[in-house]
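Worksheet for the structure shown next.
The values are calculated or read from the model by the stated rules, or taken from the named source; none is laboratory data. Predicted model, so just to flag it, every value in this text is computed and none were measured. Don't worry about glycine lacking a Cβ; one is built from the backbone with ideal geometry, like all the others, and counts go over all protein chains shown. Accessible surface is based on the protein model in full, side chains and every heavy atom, while ligands, DNA and RNA are left aside. Shrake-Rupley method; radii C 1.70, N 1.55, O 1.52, S 1.80 Å.
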Amino acid sequence: AGPVPPRLAALAAGVHRTGVTGLVRTPEGADCSDAEALVHTRRPAPRMLVFGAVEFADALTQAGRFLGYHVTLCDARPVFATAERFPHAHRVVTDWPHRFLAATATDERTVVCVLTHDPRFDIPLLRDALRRPLGYVGAMGSRRTHARRLELLRAEGVGPDALARLNAPIGLDLGATTPQETAVSIVAEILARTRGRSGAPLGGTTGPIHPRAGEVAHPAQR
């Protein structure tokens, strides 16, 4: 049968990461023509944990589900954390964020998005999240809020290496203003971080646009 074309291998690896079974086919003009493969995996979908039942959370849970994540929305306030308000989440949980995380299994593909920017919720949650080998940890808030957050986390014993893994203010600089635009900026940053890419415009980069199979390294593994 011969070697697997690099572009096809990269596409297959991307499908495998999502934990689904599907047919992949190289696009027209790729490094091989009319190549396809059936990718079958029993790996569960990666998890997106969204903390904070705020206005931005609905768009983010929708974007996360679109990307293939199993999405959980968690908030300690039962009046806000409802399935009716967040229909795109696979699961809506009413619990204190840090308590829910403590009872939740995570791995290197899990992404955590903290949208509450309230120290009562953020600090114990981020303290624990940054000690886990997660794929991504991001937190919403202004630069002033983040500066104060870093002070509180240091007081909780979180070291500089762990703090360096915190993406805050969350998202890429896309000029986002609406919840939908903000969700795009957040998932764009998640993709860049979990794929080990810069997030820079492709027109200003060199090298292959699409990583080859086996070249995608999770930040926690590098």
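Projecting label points 7 angstrom from Cα along Cα→Cβ for ALA102 and ARG143 puts them 3.6 nm apart. Residues in the range 51-176 average 48 Å² of solvent-accessible surface per residue, probe 1.4 Å, ligands and nucleic acids excluded.
Peptides 68-77, 96-105, 154-163 ranked from most to least packed, by the mean per-residue count of other Cβ atoms within 10 Å: 68-77, 96-105, 154-163. Packing order of peptides 167-175, 180-188, 122-130, highest average first: 122-130, 180-188, 167-175 (average count of other Cβ atoms within 10 Å over each peptide's residues).
Of the listed residues ILE190, ILE209, the order by accessible area with a 1.4 Å probe, largest first, is ILE209, ILE190.
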